[in-house]
Structure formats: C-alpha cells, structure tokens
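The values are calculated or read from the model by the stated rules, or taken from the named source; none is laboratory data. Worth saying up front: this structure is predicted, and the values here are computed from it rather than measured. Every residue, glycine among them, receives a Cβ derived from its backbone with ideal geometry; neighbour counts consider all protein chains shown. The protein model used for the area step is the full one, side chains on, heavy atoms only, and it has no ligands, DNA or RNA in it. Shrake-Rupley method; radii C 1.70, N 1.55, O 1.52, S 1.80 Å.
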Amino acid sequence: MTKNDTEVGNDFQSFGLRPEILQGITEAGFETPSPIQKQAIPLVLEGKDLIAQAQTGTGKTAAYGLPCLNQIDVDAGMQVLVLTPTRELALQVSDELYKLGKHLGIKTTTIYGGSSYSKQINQVAKGSQVAVATPGRLLDLLKGKELKNFKPSMVILDEADEMLDMGFMEDIESIFNLLPTKRQTLLFSATMPEAIKKLASKYQTSPAHVKIAPTEKSSKNIEQVYFVIDEAERDMAVVRILDYENPFKAIIFTKTKKEADDLKSSLSFKNYPVEALHGDLNQKQREQVLKSLHDGRVRILVATDVAARGLDVKDLSLVINFHLPFDSESYTHRIGRTGRAGKSGKAVTLVTTRESRALMRLKGTSGMNLVIAALPTKKEVMARREEDFLKKITETEIHPDAEEILEKLLDTEDKRTIALQLLSNMLDKTKISGPEKIGKTPAEWSETPPSRGGRDGRDGGGRGGRGGYSGGRRDGYRGDKGKSNASGSDSRRAGSGAPPKREGGSSPSGKPIKKAQRFRNR
C-alpha cells in the first residue's frame, strides 16, 4: 500500500519509512499508529523541532524513534541522543530503538551512572549511531571531553516534566550548551509546566506542537489495590496475597531475572505450583513453561516484563507487581492481562514508603484508580480458606465409592468424629505462614512523599528490590546482532538493584572527579 492508497497516518507504510524500519515495526508487533505517532512522525520527518504532550504509555518512544532512525546515516557515527530521567527508562528506550532499527544496522549505547566509563566511551567511539543517556553521567563525560565526535543532529528530551521534578533542569541546560547548535530538538512530556515551556523557547526553533488528550485506561473489570510494606516483607506479602486470593492463575511481575528466579524458588519451597519466565530461558524451556501454565500444572508464573510480552494467559484472575512498575505503560500492559472477555480480575502492587513519590507520579500520569488496602491478616486468610473449603464441600458431587468408605469408618468412629478428623486433616495442610500482620494499614500511611534528599538516587538507577546488580550485559550496548546477548534484554528494560560503584575518584582520562560528579555517578 502506498501513500496514494491511504491517508497518511492510518498505517506505518503511509509515512514513507524505510523497508528495514518497517520490518522492525512488524517484528515489534505494532499494527496501527497511536494518536501521538500519527501526529508526531510526519513532523519529525520534515525536520521540525517538536513539543509533544502526551501521557506515558501512548507510544512516545516510537513517535520520536521511528522518524529519527529513518533519517540515520549508518556510516556517520553518533546522530541521535535521547535524554531520560532514569537508568531504567534509558535501558528500556535503548532496547526498543535497537529492535526497531536493527535491520538497518543501528547500534545503540546506553550512558548512565554506576556503569563503566570506558565501555560507554568505547561504544560511542566504535560507531554507535544512537545514545540514550541519563543527564548526570552524560554531563560528566561531555565536560571531561571523553566522547570524541559526539555531535548528534537529533536530540530528544523524554519525560521532560519528570526530569524537572527530579531536579535535572540545570544539568540539561548544561548539556544543551555543550551540544551542536545546529540540531533538531524534540521535547516529550506528559505535562507542560512553565519551566518546560521556558526550556523549549530557549533551545528550540519555531517548534511544532502536538497534544494528545489524556484517556482513561483503567478497566472496570479490574480491581486495583496497592499494599504498603517494608522492603523485607516483599516475599511474605506475596505468599499472604496468594494464600488469601487463591487465584486460578496468577502472574507476578519482577524487575529482574534474578528476582524472578529467587521468588520462584521461594514459592516452590512452599509447594506452590510455580515457574519463572525470563530472558535466560531458551526457546524449548520457554515452551515447556508456557505448556505447563496452559495445562494447569503451573498456576503461578513469575515473569519479567520483556519475557511476558505478548503472552496471553487464559483465566488469569490475579496480577501481582512485586515492585511498583516503572511507568504507566508497564502498569497498563501488566494489569491488562487480567479482567478480559468480561471476566473480573485483580491487580495488586507492593509499594514501600520510599516509593511514595513514584506512586503519586504513576497515579497522576496513568489515570488509574489505585486504592490503598491492608494486607490480609493470618486470621482473615484462614477465614477465607474455611469459607472456600465449605463452599467446595457443599458443591462437590458425591463419589460412588464414598458411601462404602464411610461405612468402614463408622465401624470405628461416630459421624461427628469422622467429619472433624477429615476437616482437621484438610485444614492442617493450609496453615498460614508469616506473622499475623504484614505491612501498613491505610490509617498508618500517608501518600505524602518524604523530603527528596537530593535526586533520590534515580540517575544512577537507585537501590531497589533485593539489591545487587543482576542480569545480562552491564554496559547497555545494543548492536552487532551476531554477538548480542539474549539474556541481557530483561535487565536492560527492567533495571535492577544498584550496580557496583566505580572504584577511585577519577575518570578514565585520569582527571579528578568532583564531589558532585561522584554523586551523579552512583
């Protein structure tokens, strides 16, 4: 189909994108452009500066990524720079851009604090055409003149309002002042505060404007709650939720492959029918896990976002977010796996007090109706199990051999004693583990976030989950398809705990790093 056959924007072919880019779009599973893509892609292809306001989860990465990738000269080195507020988003964007442009020979480099200086510098020097960076680390490298021939002609500021909220505007202005003045500058933001407008007027030239009205994404069929817990209570909270909900099938989403494996082992030890799904599994192992899930031999799946992409599980009644999802797009995709075909579902998210600011941001940008609730106590779980048990008994058809067995039992005991013994035997197998009470009640917790205390460690990725850096290549490099590491994609998308700190107080060139710079590199 050509431009003459269809209105521009109704499908991806109508934009006139290269065949290699269209191949990447098809493999990514994109079918029709989203509203932000319909409006933004033609403007970017025309070479205009752009201010785009749209919610997270509306397809913004492809809205700027596709036209920018389409204009790349594969042999001309660095041409596209994407600035993001956090390491997790940088890794996610880098991975998506690589996949969309891989058939064109696009290589991407992720630049963020906490990882090796030299690897990031070498990847740029070796010809990566795309860099996705957090402000702190990129500014350090630019000030130290570590990046040779770093002259991107297209610069994208992604999640601009979040960078403002996290205190990065000064760094961003410094970065812009160190970049070529002749460039195409794109600004994407969910909201448009005055500070963002001033930034745009200072660094953009006659920008085009695109605004996509917020839409309600939450499903009426999905009950959405979050529980406030301490970090050490995550595993216990999952067990308590599973015991109380007794889901027919459930998916638990984790940030990293290591978390998925650890939680799977913990639940298996407690005799839950569980398997893990992540990027370290080969195709045969993945197929075995999915077959077990569809057959009902496995009822609980612990998975990373990347591994579960495109996964359709029938009769899924419960989704558990082991950590607060990074953005509303991830949250929407996760909870949308339940509550399908008119059936009801439940989405549960575990949140610590340190994540209160991120929770508020997620609720604000997604429009989701997340409601705080108290985790069930042991007594409440037991009461629910007794209720389910009695319902199961009264609805069970009598087995033909049951009467004969009962007559044999009546030879030794009376009916009341036999009934009590059978019930005790069943209830003994459903003992509830953990303390009586886990987490905080709504009355014990306020959504008011604590003082920021600097940048909340977000530039370097922060510290979360079980701690420890996990999974795949640590350098964030995507390119050379034949040498790609299949196990790295999950960690690149999802992020992880804090990576190892760089030893010493100098950059690769031997230049001393100031105290403020060391803070950014954590």
Problem set entry | Residue in the stretch 145-193 that is nearest to residue 66 (Cα to Cα), counting only those that are among the acidic types (Asp, Glu) and modelled with pLDDT under 90 | 159
Exercise. In the stretch 408-442, what residues are under 27 Å from residue 225 (Cβ atoms), open to solvent by 70 Å² or more (accessible area, probe 1.4 Å) and modelled with pLDDT of 75 or more?
Worked result: 436, 437
Exercise. Among the candidates 61, 26, which residue alone is surrounded by 19 or more Cβ atoms within 10 Å (Cβ to Cβ) and polar (S, T, N, Q)?
Worked result: 61
Problem set entry | Selected residue (criterion: most open to solvent (accessible area, probe 1.4 Å)) from residues of the stretch 95-124 that are in a loop (DSSP other than H, G, I, E, B), out of contact with any Pro (no Cβ under 7 Å at 6 or more places or on another chain) and more than 17 Å from residue 72 (Cβ to Cβ) | 116
For this session: Would you check if residue 64 is of a type outside the set (A, V, I, L, M), at pLDDT 90 or above, part of a helix (DSSP H, G or I) and under 23 Å from residue 169 (Cβ atoms)?
Result: yes
Seminar exercise, completed: Among the residues of the stretch 129-155, the number that are surrounded by fewer than 24 Cβ atoms within 10 Å (Cβ to Cβ), touching a strand residue (DSSP E or B) at 6+ places or on another chain (Cβ under 9 Å) and in a loop (DSSP other than H, G, I, E, B) is 4
Exercise. Which residue pairs have Cβ atoms closer than 8 Å, lie 6 or more positions apart in sequence or on different chains, and pair a first residue in the stretch 28-55 that is without any contact (Cβ under 8 Å) to a residue 24 or more places away in the chain with a second residue that is assigned to a helix (DSSP H, G or I)?
Worked result: 32/12
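Can you report the number of residues in the stretch 156-187 which are among the hydroxyl-bearing types (Ser, Thr, Tyr) and surrounded by fewer than 17 Cβ atoms within 10 Å (Cβ to Cβ)?
Of the residues in that region, 2 qualify.
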Exercise. How many of the residues in the stretch 264-285 are more than 20 Å from residue 432 (Cβ to Cβ) and buried (at least 16 other Cβ atoms within 10 Å of the Cβ)?
Worked result: 8
Exercise. Can you name the condition, by its number, that residue 237 falls short on among (1) part of a helix (DSSP H, G or I); (2) at positive phi?
Worked result: (2)
For this session: Determine whether residue 105 is in contact with a Gly (Cβ under 8 Å, 6 or more places away or on another chain) and at pLDDT 90 or above.
Result: no
Problem set entry | Hits in the stretch 192-212 - residues which are touching a residue at least 60 places away in the same chain (Cβ under 8 Å), touching a Leu at 6+ places or on another chain (Cβ under 9 Å) and either part of a helix (DSSP H, G or I) or among the β-branched types (Val, Ile, Thr) (or both) | 200, 210
Problem set entry | Pair list, Cβ < 6 Å and 6+ apart or interchain, from the stretch 114-128 residues that are on the phi > 0 side of the Ramachandran plot to residues that are in a loop (DSSP other than H, G, I, E, B) and buried (at least 16 other Cβ atoms within 10 Å of the Cβ) | 114/460; 114/461; 114/499; 127/77
For this session: Please state which one of 292, 356, 317, 330 is in contact with an Asp or Glu (Cβ under 9 Å, 6 or more places away or on another chain), among the hydroxyl-bearing types (Ser, Thr, Tyr), at pLDDT below 80 and open to solvent by less than 50 Å² (accessible area, probe 1.4 Å).
Result: 330
Problem set entry | Number of positions in the stretch 360-401 that are within 24 Å of the chain's Cα centre (by Cα) and modelled with pLDDT under 85 | 11
Exercise. Among the residues of the stretch 387-403, which ones are outside any helix (DSSP H, G or I) and hydroxyl-bearing (Ser, Thr, Tyr)?
Worked result: 396
